[in-house]
Amino acid sequence: MKNTKKETSSKQKDADRKARASAKADRLNPDKLKTVPDLQAEKLEQQESEKKNKKDEEAPAANGVNQEQLNMSKMDIDMDGEKETEADVVPMAVPGSIGELRQKLQARIQNLRQKRKAPEDDVSREALLEKRMKRRKSTKEAKAKAKKAGSAGREQ
């Protein structure tokens, strides 16, 4: 029975197909679409509820170990000194109009050009393509010329 395939019933296959289809429909449903701030809020609520549950579970130990020693053993130690708190997490800003975004992009491009000390004259795409074509043409002519000179040298 080495090379036998497990046969599943058609009912099982249909149930699997329907489950996959419903899962896909749920993922693509615009009514259930969540934004980043919504997801962050849910995560924050979940973390707070977990903290409350942990506090409820922690009871004073009866075996002589005090609560402070338990807290010290469970404490997270941040070696870098930069611990990210919930207050540090800021949701993304709502994007503005297209014009504002273009202005931000142009300012960012200009800033990067200044950092790498690029020339400030705005070279168009057409000019760059034309320059590339000229360079290719000249190298092609140089290769052809070298090939003719090489073949002429062999003949002599």
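The values are calculated or read from the model by the stated rules, or taken from the named source; none is laboratory data. Quantities reported herein were computed from a predicted structural model and do not represent experimental measurements. FYI the Cβ positions are ideal-geometry reconstructions off the backbone, even for glycines, and counts take in every protein chain you see. Ligands, DNA and RNA are excluded from the accessible area calculation, which covers all protein heavy atoms including side chains. Shrake-Rupley method; radii C 1.70, N 1.55, O 1.52, S 1.80 Å.
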The residue that is most open to solvent (accessible area, probe 1.4 Å), considering only those in region 102-119 that are of a type in the set (A, V, I, L, M) and assigned to a helix (DSSP H, G or I), is Leu105
Pairs please, first residue from region 24-36 and under 28 Å from Val90 (Cβ atoms), second anywhere and modelled with pLDDT under 80 and open to solvent by 70 Å² or more (accessible area, probe 1.4 Å), Cβ atoms under 6 Å, 6+ apart in sequence or on different chains. Val36/Met92
Filtered residues of region 120-139 (kept if modelled with pLDDT of 75 or more and open to solvent by 100 Å² or more (accessible area, probe 1.4 Å)): Arg125, Glu126, Glu130, Lys131, Arg132, Met133, Lys134, Arg135, Arg136, Lys137
